[in-house]
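Undergrad: Supplied in structure tokens, the structure appears directly below.
We did not get these values from a lab; they are worked out from the coordinates using the rules stated. Keep in mind that what you see is a predicted model, and the values were worked out from it rather than measured. Heads up, the Cβs are rebuilt from the backbone with ideal geometry, glycines too, and the neighbour counts pull from every protein chain shown.
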Amino acid sequence: MNNTPTRPLFLGLDSSTQGLKASAIDSDLKLVAEYAVNFDADLPEFKTSGGVHRGPDGLTVTSPPLLWVAALDLLFARMKESGFPFARVAAVSGSGQQHGSVYFKKGARPALTGLAPDRTLRDQLKDAFSVAASPVWMDSSTTRQCRALEAALGGPQAVADLTGSRAYERFTGNQIAKIVQTQRANYDNTERIALVSSFVCSLLIGDYAPIDVSDGSGMNLLDIRRKNWSPAALDATAPGLAGKLGSTVPSHSIAGLIHGCFRVRFGFGPHCLVAAFSGDNPCSLAGLRLQEPGDAAISLGTSDTLFAALREPKPSASEGHIFASPVDPDGYMGMIVYKNGSLTREDIRDKSAGGSWSRFEDLLANTKPGNGGRIGFYFKEPEITPPVLKTGIHRFGPDGKPVASFGPGEDVRAVVEGQFLSMRLHSGHVGIAPKKILATGGASANRAILRVMADVFGAPVHVGSQPNSAAMGAAYRAFHAWTCRQQGRFVPFAEVMAAAAPFALAVKPDKAAPKLYTERVRAYERLEGALVCCL
Ligand code: 5FX
């Protein structure tokens, strides 16, 4: 019997920090519908700001897990009201903000398996949690736990080699260690710990869903090469943790069928598959269809991010993260995150270009590649890459000596060139060597910035509008997992994505650029090394 609905759709959910979105695609990979719920505006009774609660210490950041449950009730209700054809959905997958954790209390499982269609999820799950405030990725209160993990496993590089990243405050294992130390009774009363991604998946299948290896790589608990929990990391983190985490699965796995309550309440078909959910960055990688080693994306937004498909991971204790790939069971992805992005560029635009982007572009286009040997470091915010807590601007002249100021054009070029030199340097440390770059985010509309990007990396830059890349990536992953199930074999993601329109080529690198910028990266590295150690 053919279980595929006619004109099948594939649904991608994105449970992000600030809201829950849905994107539906058809089997030609065309976007057919989008929906969204904003946590603050649509569910004001949870009293979140930007989707979170901040603690008085300025470091603790949490969200109530029931908010994410209520958002799913509301999103599906809105979709139903607008006539969304749930019966055509062949498979659903999803994306979740990375690192956040949800704690199901002992005895909570029947509340999931027995979900009733005539009551809201929110009403049925209000007593399911042993920890009422779920730590999220913005939390940075676990420095003590990070140092303890590094001490137990042989130092930051040893943790990076094992788990893909040195110990980071927001990574879930360190958050779990803090719960053990500060809420021991609640930890003992927990039977399952989920990530935000596997949590929303659990709601859809009405049972505990497994954590996929890609999102699981953001926990400091997974051995990224064996793609399974590391017993040493689990032991160093919390007692009895293996039993509470359940097993991990490849990201293209099917977690189960959609629970009957969603069939009755919203009209999903009985054969609708739920594919494992993953993290938002892994889903964005899928949404931007980065699949070959050397395919990279640079997102220029409030924060700047570079991520890429990788074959050979090179974890670094100094920067970046390596995750298992969400689309290739043998692959990896690397990611470098910057706090100083658009706001820092806007600052220089305001000071040097009178607040005008077109003047900024002219200044950039009228200065020479390499900036006559000038290099600048612009830390308007404490920076993640490299880790620098002290804010400030540091400018160096052609002789490598500090200078007090640059001319307007020099400053504009230095803020843009410096960011790409840093990206090339640090992404290289984790094994990323972009052969092709997809530029996304607000600043990718700026042609002169893209020219510098292409020249610094010596790689062609493409652009494409994929605004909700995590939700789209989740929809693509649903289609991928469904195709693998239909064919009874692993189908390469690229094959499944073959129908997608290619991203447009925007800029090719200048022929002289590779030689010039290889030398500039070395100069940048020397200056950064000297600067970071005395800040
Ligand atoms: C990645 O490591 C992060 O912490 C963020 O990008 C979160 O995933 C945002 F949701």
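Undergrad: Between the helical axis of 342-352 and the dominant principal axis of the chain, each derived from Cα atoms, what acute angle in degrees is found, rounded to the nearest 10?
TA: Helix 342-352 and the main axis of the chain meet at about 30 degrees.
Undergrad: Which cross-chain or sequence-distant (5 or more) residues have an amide H under 5 Å from the amide H of residue 130, H modelled 1.01 Å from N in plane?
TA: Result for residue 130 returns 103, 104, 105.
Undergrad: Provide 34, 169 in ascending order of the number of other Cβ atoms located within 10 Å of each residue's Cβ, fewest first.
TA: Least to most surrounded, the residues fall as 34, 169.
Undergrad: A further question follows. Sequence neighbours fewer than 8 away in the same chain don't count; with that in mind, list the lysines whose C-alpha is under 22 Å from residue 351.
TA: Cross-link targets: 339, 368, 380, 390.
Undergrad: Another question, if that's okay. One quarter of the convex hull surface, Cα atoms only: what value does that give for segment 277-332 in nm²?
TA: Projected area, direction-averaged: 4.2 nm².
Undergrad: Can you give the convex hull volume of the alpha carbon atoms of segment 1-109 per residue, in Å³? Working shown, then result.
TA: Details: hull volume 16.5 nm³, N = 109.
Looking at segment 1-109, the number lands at 151 Å³ per residue.
Undergrad: About its Cα centre, how strong a charge dipole does the chain have in debye, to the nearest 20, once Lys and Arg get +1 and Asp and Glu get -1 at the Cβ?
TA: I would put it at about 300 debye.
Undergrad: Could you work out the pair-distance distribution P(r) of segment 336-390 from its alpha-carbon pairs, with 5 angstrom bin width and percents rounded to whole numbers?
TA: Percent of Cα pairs in each bin: 4, 17, 21, 22, 20, 13, 2.
Undergrad: Between the helical axis of 469-487 and the dominant principal axis of the chain, each derived from Cα atoms, what acute angle in degrees is found, rounded to the nearest 10?
TA: In the chain, helix 469-487 runs at an angle near 50 degrees to the longest axis.
Undergrad: Turning to a different aspect of this structure: Using 1/(1 + (r/R0)^6) with R0 = 41 angstrom and r between the beta carbons of residue 126 and residue 228, what's the FRET efficiency to the nearest 0.05?
TA: Using R0 = 41 Å, I get an efficiency of 0.75.
Undergrad: Over the Cα atoms of the chain, each weighted equally, I'd like the Debye log10 I(q)/I(0) at q = 0.06, 0.12 Å⁻¹, rounded to two decimals.
TA: Scattering profile of the chain, log10 relative to I(0): -0.29, -1.12.
Undergrad: I'd like the FRET efficiency for residue 487 and residue 358, computed as 1/(1 + (r/R0)^6) with the beta carbon distance as r and R0 of 56 Å, rounded to 0.05.
TA: Numbers: r = 51 Å, r/R0 = 0.91.
After rounding, the FRET efficiency stands at 0.65.
Undergrad: With each run of n ≥ 4 DSSP H residues scored as -39500 (n - 2.57), what mean residue ellipticity at 222 nm is computed for the chain after dividing by its residue count and rounding to the nearest 500 deg cm²/dmol?
TA: On the way: 21 runs with 204 residues, N = 535.
When only DSSP H runs of four or more count, the value is -11000 deg cm²/dmol.
Undergrad: Can you give me the distance in nm between label points at residue 401 and residue 28, each placed 7 Å from the Cα along the Cα-to-Cβ direction?
TA: Here the answer is 6.6 nm between the modelled labels.
Undergrad: Given the chain, what percent of its DSSP beta bridges are antiparallel, to the nearest 5?
TA: For the chain, the DSSP antiparallel bridge percentage is about 75.
Undergrad: Which of 146, 484 has the fewest other C-beta atoms within 10 Å, and how do the rest follow up to the most? Mind showing how you got there, number by number?
TA: On the way: 146 23, 484 20.
Fewest-to-most ranking of 146, 484: 484, 146.
Undergrad: Assuming R0 = 41 Å, can you tell me the calculated FRET efficiency for the pair residue 534 and residue 500, based on Cβ-Cβ distance, to the nearest 0.05?
TA: In this case the efficiency is close to 0.25.
Undergrad: Please state the charge dipole magnitude for segment 304-437, taken about the Cα centre, from unit charges on C-beta atoms (+1 on K and R, -1 on D and E), reported in debye and rounded to the nearest 20.
TA: With Lys and Arg at +1 and Asp and Glu at -1, about 260 debye.
Undergrad: Going through segment 474-534, which chymotrypsin sites (Phe, Trp or Tyr not before Pro) have at most 14 other Cβ atoms within 10 Å and a DSSP loop state?
TA: Details: sites: 476, 479, 482, 490, 493, 503, 517, 524; in loops: 490, 503.
Those satisfying the criteria are 490.
Undergrad: Dipole magnitude of segment 302-360 about its Cα centre, charges +1 at Lys/Arg Cβ and -1 at Asp/Glu Cβ only, in debye to the nearest 20?
TA: Computed about the Cα centre, the dipole is about 280 debye.
Undergrad: Let me ask something else. I want the antiparallel fraction of DSSP beta bridges within segment 364-497, as a percent rounded to 5. List each step's numbers first, then the result.
TA: Values: 8 of 11 bridges.
So the antiparallel bridges amount to about 75 percent of the total.
Undergrad: Separate question: Give me the percent of Cα-Cα pairs in segment 96-135 that sit more than 15 Å apart, rounded to a whole number. Don't skip to the answer; put the middle values down first.
TA: Numbers: 364 of 780 pairs.
When every Cα pair of segment 96-135 is considered, 47 percent fall beyond 15 Å.
Undergrad: Ok, one more. With axes computed from alpha carbons, what is the tilt in degrees of helix 143-153 against the longest principal axis of the chain, rounded to the nearest 10 within 0 to 90?
TA: 90 degrees
Undergrad: To continue, here is another question. For segment 445-457, what does the Karplus curve 6.51 cos²θ - 1.76 cosθ + 1.60, with θ = phi - 60°, yield as ³J(HN,Hα) per residue in whole Hz, taken in order and with x for Gly and Pro?
TA: Listing the rounded values in order: 6, 8, 4, 5, 5, 5, 4, 5, 4, 4, 5, 4, 8 Hz.
Undergrad: Taking Cα pairs under 8 Å and at least six residues apart, what relative contact order does segment 345-402 come out at, in percent?
TA: 24 percent
Undergrad: How far apart, in nm, are the 7 Å Cα→Cβ label points at residue 147 and residue 302?
TA: 3.0 nm
Undergrad: Could I ask something else about it? Would you list 457, 76, 379 from fewest to most Cβ contacts within 10 Å?
TA: 379, 76, 457
Undergrad: Using only alpha carbon pairs under 8 Å that are at least six residues apart, calculate the relative contact order of the chain and give it in whole percent.
TA: Across the chain, relative contact order equals 15 percent.
Undergrad: On to the next question. With an 8 Å cut-off on Cα pairs and a minimum separation of 6 or more residues, tell me the relative contact order of segment 32-135 in percent.
TA: Relative CO of segment 32-135 lands at 31 percent.
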